[in-house]
Amino acid sequence: NTVTSAPTSGATFTVDNTSPTAEISYSSDAPYKNGETVTITATFNEAVLDSPIPTIAISGDGIANVASTNMTKQSTTVYTYSYAVPTGDGTGTVTVGTGTDAAGNIVTSTPTSGATFTVDNTAPTAEITYSGAGGSPYKQSDEVTITATFTEALVTTPKIAISGVSSIAATNMTSTASATVWTYAYVAPAGNGTETIALSVGTDASGNTVTSAPTSGATFTVDNTSPTAEIS
């Protein structure tokens, strides 16, 4: 009798020479700032073995590096890492390593998505400019538009306060078409002297509060005294 061509079991097997890849995701949106803890999740396109444990490393451009560290298993395809955001400003680049699939292929180092994120620990600053009423010094009832141009976009409304001749408590500024430019309508008071501007409350995307003192244009003058003359 001739043997049957098809085995009764074990007729097929697989060959796998493709390394697993990972998509990286984050528990919140960047940019991040020091003091935050972010969960970084690697989702692999196939199951990886429990041993060796997949690792994560972060190289920093302007921020501290994270040496290769074991991730925490959530499932055969999902691993996480708890990242404590450092000081500094810059970009973090994620790589993965060590883990293997059932065939022994080592995970691809570069993620297919989400490989980079940003860290921002610098408070926004503003330059102050003025328009209307012919320029400083101003006199009573002059209407002046005070414009604060910030170094980066703000996601919450900044406040302006003015001290000196007048006393204007912290008041919301008005947004413009740009998230970096905010204005305030000022009416010059009676009296004479120097007015000083302070900013507060507004924050950038990572939660840094604006620097109180503007980098330029922080002061202006009010003059309501008429010139006098001596006749000889």
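The values are calculated or read from the model by the stated rules, or taken from the named source; none is laboratory data. Not measured: the values here are computed from a predicted model. Glycine also receives a Cβ, built like all others from the backbone with ideal geometry; neighbour counts cover every protein chain displayed. Only protein heavy atoms, including side chains, enter the accessible area calculation; ligands, DNA and RNA are left aside. Shrake-Rupley method; radii C 1.70, N 1.55, O 1.52, S 1.80 Å.
For segment 30-131, with only Lys/Arg (+1) and Asp/Glu (-1) charged at the beta-carbon, what is the dipole magnitude about the Cα centre, in debye rounded to 20?
160
Could you grab the Rg to Rh ratio for segment 176-229? Cα atoms only, Kirkwood for Rh.
Taking Rg over the Kirkwood Rh, I get 1.13.
Just to check, using Stokes-Einstein with a Kirkwood Rh over alpha carbon pairs, what's the diffusion coefficient of segment 12-90 at 25 °C and 0.890 mPa s in µm²/s?
174
Taking the Cα centre of the chain as the origin, how large is its charge dipole in debye, to the nearest 20, when only Lys and Arg (+1) and Asp and Glu (-1) carry charge on their Cβ atoms?
280
On the protein heavy atoms, probe 1.4 angstrom, tell me the percent of accessible surface of segment 81-181 carried by carbon and sulfur.
After summing per-atom areas, the C and S share lands at 52 percent.
Which residue, chosen from GLY135, SER9, GLY62, occupies the Cα position most advanced towards the positive end of the dipole of the chain, where the dipole is computed from +1 (Lys, Arg) and -1 (Asp, Glu) charges on Cβ about the Cα centre?
Toward the positive end, the furthest listed residue is SER9.
Solvent-accessible area per residue for the chain at a 1.4 Å probe radius, Å²?
54
Computed over the Cα atoms, what is the radius of gyration of segment 75-127 divided by 2.2 N^0.38 Å, N being its residue count?
For segment 75-127, the normalised Cα radius of gyration is 1.64.
Of the heavy-atom accessible surface of segment 35-79 (probe 1.4 angstrom), what whole percent is carbon and sulfur?
49
Do you know the relative contact order of the chain, to the nearest whole percent, from alpha carbon pairs under 8 angstrom that are 6+ apart?
That works out to 18 percent.
For segment 201-232 and segment 158-177, compute the distance between their C-alpha centroids and round to whole Å.
Centre-to-centre distance over Cα atoms comes out at 11 Å.
Among PRO20, ALA123, THR225, pick out the residue whose Cα is farthest towards the positive end of the charge dipole of the chain, where Lys and Arg carry +1 and Asp and Glu carry -1 on C-beta, about the Cα centre.
PRO20
Residue by residue, what Karplus-based ³J(HN,Hα) values in Hz, rounded to whole numbers, does segment 133-138 have, using 6.51, -1.76 and 1.60 with θ = phi - 60° and x for Gly and Pro?
Listing the rounded values in order: 6, x, x, 5, x, 9 Hz.
Radius of gyration and Dmax for the chain's Cα atoms, expressed in Å?
Over the chain's Cα set, Rg and Dmax evaluate to 30.6, 142 Å.
Could you tally the net charge around GLY132, taking each other residue with its Cβ under 9 Å from the Cβ of GLY132, Lys/Arg +1 and Asp/Glu -1?
Charge balance in the 9 Å sphere: -2.
By its C-alpha gyration tensor, with a ≥ b ≥ c as the square roots of the eigenvalues, how is segment 88-154 shaped: rounded for a/c under 1.5, else prolate for a/b larger than b/c, else oblate?
Prolate, since a/c reaches 1.5 and a/b exceeds b/c.
Could you tell me what % of all Cα pairs in segment 97-232 have separations over 17 Å?
The answer is 66 percent, as a whole percent.
May I ask you to derive the relative contact order of segment 8-47, considering only C-alpha pairs under 8 Å and at least 6 residues apart, and to give it as an integer percent?
With pairs under 8 Å counted, the relative contact order is 45 percent.
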